[in-house]
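*Asks:* There's a structure below that I have some questions on.
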Amino acid sequence: MSTPQKIVNNFTIKIATINGTGSQSANNILFKTLVRMGIPTSAKNLFPSNIQGLPTWFYIRTNPKGYQSMKRHSEVLIAVNPASMGQDLAEVHPGDVVIYDETTLNIGTPKENVTYYPVPLTKIAKNTFDTPRLRSLLTNTLYVGVMAEIFGLDKNILRSVIEDSFKKKQKAIDVNLKAIDLGIQYAKEHLPKKDPYSYEKIKNAKPQIVIEGNAATALGCIMGGCTVDAWYPITPASSLNEAMDSYGQRLRTDPETKKKKIAVIQVEDELCAIGAAIGAGWMGARAMTASSGPGISLMSEFLGLAYYAEVPVVIVNVQRVGPSTGMPTRTQQADILKCAFASHGDNRHILLFPATVKEAFELGAKSFDIADRLQTPVIVMTDLELGMNYWASEPFNYLKGPFDRGKVLTLKDLENIKSFGRYADIDKDGIPYRTLPGTPHPLAAYFTRGTGHTEIAGYSEDPTVYRTNMLRLEKKFHTAPQYLPKPIVLGDAKAKIGIISAGTNDHAIQEALDDLKIKKTSLKYLRVLAYPFHKEVKDFIKTCDKVIVIDHNRDSQLATLIKLQFCDIAPKIFPIAYSDGLPLDPDFISHKIEEAIAHG
Amino acid sequence: MADMTNRSGFSKQDYQGPPSTLCKGCGHDSITSCIINACYEMGLPPHKLAKLSGIGCSSKSITYLLSHSHGFNAVHGRMPSLATGAEAANHTLKYIGVSGDGDSANIGIGQFMHAVRRNTDMLYIIENNGTYGLTKGQFSATADFHAQSHYGDVNEYQPLDLVQLAIELGAPFVARSFAGDKTQLTSLIKAGLAHKGCAILDVISPCVTFNNHETSTKSYPYVKEHDIPLHELGFVPSFEEITVDYKPGEATEIMLHDGSKLILKKLHNEYDPADRMNALNVLEKGFKEQKIITGLIYYKKDAKPHHELLNLVDVPLRDLTEKDLIPTKEEFDALMKELL
Ligand SMILES: Cc1ncc(C[n+]2csc(CCOP(=O)(O)OP(=O)(O)O)c2C)c(N)n1
Ligand code: SF4
Ligand SMILES: [Mg+2]
């Protein structure tokens, strides 16, 4: 057999392990090592809604172009889970590589043209480490060692990553390094290289950070001045609130008194979480809560109150698969319509759609400016894919402020005016002025209510008063886009076919577009970062004969929202909606776009 | 009279609100006037007070008081969550939460319990009429077993007692009063305001429209007949000398956080509000004997309010600026470096 051509830094590894056995830490070490080698790398953790025992898969994709989407096929399989072995092996194609735990897996008849590297992982771990826990944990580190040898990970970088990962825990560093060395050793002695895949360090690559999406959003919220985060645990949002807590400890603790400049409060449910955030927002703090589908549903009543009473508050919705409890550890963007109109009566809420950790960080910070400026809830629509995966990214830019605290009348302001009407449209932009409780002036106080109200916040059932107020709220919504991040437009400006999407769909779409470009299909692509949509979105649609809106849900929710806002050009919109709980597949999207174009 | 002011220079009018739209004779209106009097007499500046409520006639009543204080009328049963957030954002205001029995014992029982558990720093008044006034007389969770509604149906469920529950949950200040006993009620409101932490004050407040018939234990005639005050209450604000006439041994004195004193002149044997088991026994005995026990039923010293448990800086969080809140460039760069 002649050695096939080398394939460098351009393949995907799928690691099939058992949930709760500590594979996460080994996988992250592997991921970070590749990032530090300067190779464009992305990772996807596909895990079950379970604490221990069910199958879990970790995908590490390296790719010269830096694509971050999840390919459906992986060239390399690391199989250590007997329970998922059947399925895992069935997905192996000719040309692929399988590294497997020989001690626990009986792979049966080998497939033709597949390279197998059997390693007695469990046996080595058993012979080397004394406690069952260490054995289980280090079985994972062992395969990283084996991979280091077979695919050529930079061993010094790998060691440095281990040292950094277990900072100050010398024992953990020692055993992990030992496991790595054993893996390397075993591969050297028993596994001559038979496959074409390898990693090569990229010289002069710009250093990249590795951060979990939820942590990036949380860090943004810290930079944006959030001081109150009330929350209730839910996958996939918990780690965002936990990051608020740990960043709070680190960045918001007075060095002398050890007192905190942030309150991260785990409350009894999401009703209280949103209520507390609204109470704090009303009091003038930058306040938030982060949750997911079931929690967001519970928050609906309060969201309507904050909309109608005009209280700034930030809600992060790390979307997961619904309806109902759905698939809590899978990803989807099916809360778009629900969040845009959450609560009974005429409501419209500001939505932000980050696609990357960098955007999650920046929009996390900006969301507080927007909420304060517009005095209304702002919902940051991330998803499980962004939130619960670790991502490589260029380092974030320092955000130095200043904050936009919006229209708040201070004591001084009040001293210079004769009257104050909380809901009066002084500036004719729909945004009224507010005062904060505690302001020592007789004009300052007003009554915040969810009932019909006049310009001076008095109770009213008057038809004209009601309607005037509702129209002002609508006007505020029209004012909103100037304070919101603008859409990003890419591709061939002259193209007559346009693509529109939002959030993490971007990863699959960018890759699909490159694929279609090779096939000489001329396209342009607009990604919205916020709702309500800017005029630019309409202009973009106007210049196209057809606009394909790509949704990560069943019901074309983004397409529907666009059609609702721009109903006169709705016929140009052709929706592609797909969701099965996994991140969108670039090949599928590319194929669907071709179909849509052919559809005439 | 019009230009009379309290020690902070505010007139009574500064604590009043627009005219009430509740039914004439509604117990809630009496409570409103006691809150106004208490705040006025204590000389609390109106801007240092904030009023919060849920939904119901009772919750609506905060519209009719303290029009120079900020107020927030929340959704049904969720007032405590607003208070939780407001306190975290600014612990320097006095929060008065007004709720109803439906608001707190039915839809909002979870928030009630957790606000107590967190020791949310507020005076939490439940205007308890054993019925849903605003939705026209359905039974609430505090309605008596076998009570008859306005429409003649019979309540088959056991009542729930928020005072008992609050004591069990560890609330540091638990009191019950009656809307018709303005003296006792005003003293308890003042004490609740002087107290730091969650002060639960359940006030029997007859609904004259739907639940004021002879057989209701939340009616004027019944309470007047069956009220058993534990003590005669005297409240001495921090800025006044004690001049009340009582002999040592006849009274218990409770020093509140701002230095005010609550004097409990004993009417009944050796009632000690610090004894939790005894408090629960006295309540239980009261139920059995169809008596309504009023007064300061339980008091625990030194329970840290929520904002202290959160270990927050002294400056209210909402007053912190960019300088306080944005990590320095050095801190940020160090963090980025660690993530590389
Ligand atoms: C979520 C929700 N459900 C139902 C209602 C209708 N509702 C309004 S007030 C009320 C009961 C109020 O009873 P209570 O708290 O005892 O106040 P009261 O009127 O007796 O003073 C109900 C059920 C509502 N406003 N919101
Ligand atoms: S219905 Fe009852 S509770 Fe409501 S205002 Fe009338 S008397 Fe008061
Ligand atoms: Mg009631």
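The values are calculated or read from the model by the stated rules, or taken from the named source; none is laboratory data. Just so we're clear, the structure is a prediction, and the values are computed from it rather than from any experiment. Neighbour counts run over all protein chains shown; Cβ positions are idealised from the backbone, glycine included. Note: accessible area is taken over every heavy atom of the protein model, side chains too, but ligands, DNA and RNA are not part of it. Shrake-Rupley method; radii C 1.70, N 1.55, O 1.52, S 1.80 Å.
*Asks:* Could you list, in sequence order, all residues of region B:51-69 that are facing chain A (nearest Cβ under 7 Å) and touching a helix residue (DSSP H, G or I) at 6+ places or on another chain (Cβ under 8 Å)?
*Replies:* B:HIS68, B:SER69, listed by residue number.
*Asks:* Residues in region B:40-54: is at least one free of Cβ contacts under 8 Å to residues at least 60 places away in the same chain, in contact with a Leu (Cβ under 8 Å, 6 or more places away or on another chain) and within 16 Å of ligand 3 (Cβ to nearest atom)?
*Replies:* No, there is no match, as no residue in region B:40-54 is free of Cβ contacts under 8 Å to residues at least 60 places away in the same chain, in contact with a Leu (Cβ under 8 Å, 6 or more places away or on another chain) and within 16 Å of ligand 3 (Cβ to nearest atom).
*Asks:* Further, regarding this structure: Could you tell me whether region A:451-463 includes any residue that is more than 14 Å from chain B (Cβ to nearest Cβ) and either open to solvent by less than 50 Å² (accessible area, probe 1.4 Å) or of a type in the set (A, V, I, L, M, F, W, C) (or both)?
*Replies:* Keep residues of region A:451-463 that are more than 14 Å from chain B (Cβ to nearest Cβ), which gives A:455, A:462-463.
If we keep only those that are either open to solvent by less than 50 Å² (accessible area, probe 1.4 Å) or of a type in the set (A, V, I, L, M, F, W, C) (or both) too, we end up with none.
No: region A:451-463 contains no residue that is more than 14 Å from chain B (Cβ to nearest Cβ) and either open to solvent by less than 50 Å² (accessible area, probe 1.4 Å) or of a type in the set (A, V, I, L, M, F, W, C) (or both).
*Asks:* Do you know which residues across region B:9-57 are of a type in the set (Ser, Thr, Tyr) and either under 17 Å from B:ILE189 (Cβ atoms) or part of a helix (DSSP H, G or I) (or both)?
*Replies:* The initial filter retains those residues of region B:9-57 that are of a type in the set (Ser, Thr, Tyr), namely B:11, B:15, B:20-21, B:30, B:32-33, B:40, B:53.
B:TYR15, B:SER30, B:THR32, B:SER33, B:TYR40, B:SER53, listed by residue number.
*Asks:* Looking only at region A:297-319, count how many residues are in contact with an Asp or Glu (Cβ under 6 Å, 6 or more places away or on another chain) and free of Cβ contacts under 8 Å to residues at least 60 places away in the same chain.
*Replies:* 2
*Asks:* Of the conditions (1) open to solvent by 20 Å² or more (accessible area, probe 1.4 Å); (2) within 39 Å of the chain's Cα centre (by Cα); (3) within 7 Å of chain B (Cβ to nearest Cβ); (4) not charged (D, E, K, R), A:GLY406 clears all except one; give me its number.
*Replies:* (3)
*Asks:* Shifting gears a bit: Quick check: anything in region B:198-219 more than 16 Å from ligand 1 (Cβ to nearest atom), crowded, with 20+ Cβ neighbours inside 10 Å, outside any loop (DSSP other than H, G, I, E, B) and in contact (Cβ under 8 Å) with a residue 40 or more places away in the chain?
*Replies:* Checked region B:198-219: at least one residue is more than 16 Å from ligand 1 (Cβ to nearest atom), crowded, with 20+ Cβ neighbours inside 10 Å, outside any loop (DSSP other than H, G, I, E, B) and in contact (Cβ under 8 Å) with a residue 40 or more places away in the chain.
*Asks:* Collect the residues in region B:165-223 that are within 16 Å of ligand 2 (Cβ to nearest atom) and closer than 30 Å to B:HIS306 by Cβ, keeping them in residue-number order.
*Replies:* Within region B:165-223, B:PHE178, B:ALA179, B:ASP202, B:VAL203, B:ILE204, B:SER205 meet the criteria.
*Asks:* Kindly indicate the residue of region B:105-128 that is of a type in the set (S, T, N, Q) and out of contact with any strand residue (DSSP E or B) (no Cβ under 7 Å at 6 or more places or on another chain) and also nearest to ligand 3 (Cβ to nearest atom) among those meeting that condition.
*Replies:* Step by step, filter region B:105-128, then rank; the result is B:ASN106.
*Asks:* In the list B:GLY108, B:GLY102, B:GLY137, B:GLY97, which residue meets the criterion of being surrounded by 24 or more Cβ atoms within 10 Å (Cβ to Cβ), more than 12 Å from chain A (Cβ to nearest Cβ) and within 20 Å of B:GLY27 (Cβ to Cβ)?
*Replies:* Values: B:GLY108 fails: more than 12 Å from chain A (Cβ to nearest Cβ); B:GLY137 fails: surrounded by 24 or more Cβ atoms within 10 Å (Cβ to Cβ); B:GLY97 fails: more than 12 Å from chain A (Cβ to nearest Cβ).
Exactly one of B:GLY108, B:GLY102, B:GLY137, B:GLY97 is surrounded by 24 or more Cβ atoms within 10 Å (Cβ to Cβ), more than 12 Å from chain A (Cβ to nearest Cβ) and within 20 Å of B:GLY27 (Cβ to Cβ), namely B:GLY102.
*Asks:* When you scan region A:424-433, do you find a residue that is crowded, with 17+ Cβ neighbours inside 10 Å, farther than 23 Å from A:ASN505 by Cβ and either within 14 Å of chain B (Cβ to nearest Cβ) or touching a strand residue (DSSP E or B) at 6+ places or on another chain (Cβ under 8 Å) (or both), even just one?
*Replies:* yes
Yes/no per residue for (1) assigned to a loop (DSSP other than H, G, I, E, B); (2) without any contact (Cβ under 8 Å) to a residue 12 or more places away in the chain; (3) open to solvent by less than 10 Å² (accessible area, probe 1.4 Å); (4) outside the structural domain of A:THR356 (by TED's automatic domain parsing):
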{"site": "A:ASP181", "(1), (2), (3), (4)": "no, no, no, yes"}
{"site": "A:TYR186", "(1), (2), (3), (4)": "no, no, no, yes"}
{"site": "A:GLY225", "(1), (2), (3), (4)": "yes, no, yes, no"}
{"site": "A:ALA230", "(1), (2), (3), (4)": "no, no, yes, no"}
{"site": "A:ASP245", "(1), (2), (3), (4)": "no, no, no, no"}
{"site": "A:VAL264", "(1), (2), (3), (4)": "no, no, no, no"}
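*Asks:* Still on this structure: Do you know which residues across region B:89-142 are near ligand 1 (Cβ under 9 Å from one of its atoms) and of a type in the set (S, T, N, Q)?
*Replies:* Hits for region B:89-142 are B:SER99, B:SER104, B:ASN106, B:ASN128, B:ASN129, B:THR131, B:THR135, B:GLN138, B:SER140, B:THR142.
*Asks:* Counting just the residues of region A:270-303 that are over 26 Å from B:LEU93 (Cβ atoms) and either outside the structural domain of A:SER367 (by TED's automatic domain parsing) or open to solvent by 10 Å² or more (accessible area, probe 1.4 Å) (or both), which one comes out nearest to the chain's Cα centre (by Cα)?
*Replies:* Taking the candidates together, the pick is A:GLY293.
*Asks:* Quick check on B:VAL75: is it outside any helix (DSSP H, G or I) and either open to solvent by less than 10 Å² (accessible area, probe 1.4 Å) or more than 10 Å from ligand 3 (Cβ to nearest atom) (or both)?
*Replies:* In short, yes.
*Asks:* Kindly indicate which of A:GLY295, A:GLY225 is more than 7 Å from chain B (Cβ to nearest Cβ), over 30 Å from A:GLU149 (Cβ atoms) and in contact with a helix residue (DSSP H, G or I) (Cβ under 6 Å, 6 or more places away or on another chain). Step through it out loud before you land on a result.
*Replies:* Working: A:GLY225 fails: more than 7 Å from chain B (Cβ to nearest Cβ).
None of the others qualify; the one that does is A:GLY295.
*Asks:* Another question, then. Scan region B:322-338 for residues that are within 8 Å of another protein chain (Cβ to nearest Cβ) and either of a type in the set (S, T, N, Q) or open to solvent by less than 60 Å² (accessible area, probe 1.4 Å) (or both) and report the count.
*Replies:* So the answer is 8.
*Asks:* Which condition number in (1) buried (at least 19 other Cβ atoms within 10 Å of the Cβ); (2) modelled with pLDDT of 90 or more is the one that B:GLU284 fails?
*Replies:* Only one criterion in (1) buried (at least 19 other Cβ atoms within 10 Å of the Cβ); (2) modelled with pLDDT of 90 or more is unmet by B:GLU284, namely (1).
*Asks:* Kindly provide the set of residues from region A:1-55 that are hydroxyl-bearing (Ser, Thr, Tyr) and either out of contact with any Ser or Thr (no Cβ under 6 Å at 6 or more places or on another chain) or crowded, with 24+ Cβ neighbours inside 10 Å (or both), ordered by number.
*Replies:* Step one: filter region A:1-55 for residues hydroxyl-bearing (Ser, Thr, Tyr), giving A:2-3, A:12, A:17, A:21, A:23, A:25, A:33, A:41-42, A:49.
Correct list: A:SER2, A:THR3, A:THR17, A:SER23, A:SER25, A:THR33, A:THR41, A:SER42.
*Asks:* Quick one: in region B:24-39, of everything that is touching a residue at least 60 places away in the same chain (Cβ under 8 Å) and among the β-branched types (Val, Ile, Thr), which residue is nearest to the other protein chains (Cβ to nearest Cβ)?
*Replies:* B:ILE35
*Asks:* What number of residues in region B:48-67 are more than 13 Å from ligand 2 (Cβ to nearest atom) and surrounded by fewer than 24 Cβ atoms within 10 Å (Cβ to Cβ)?
*Replies:* Qualifying residue count, region B:48-67: 2.
Matching residues to (1) in contact with a strand residue (DSSP E or B) (Cβ under 9 Å, 6 or more places away or on another chain); (2) within 14 Å of chain A (Cβ to nearest Cβ):
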position	(1), (2)
B:GLU241	no, no
B:LYS265	yes, no
B:HIS268	yes, no
B:LEU283	yes, no
B:PRO305	no, yes
B:LEU309	no, yes
B:LEU320	no, yes
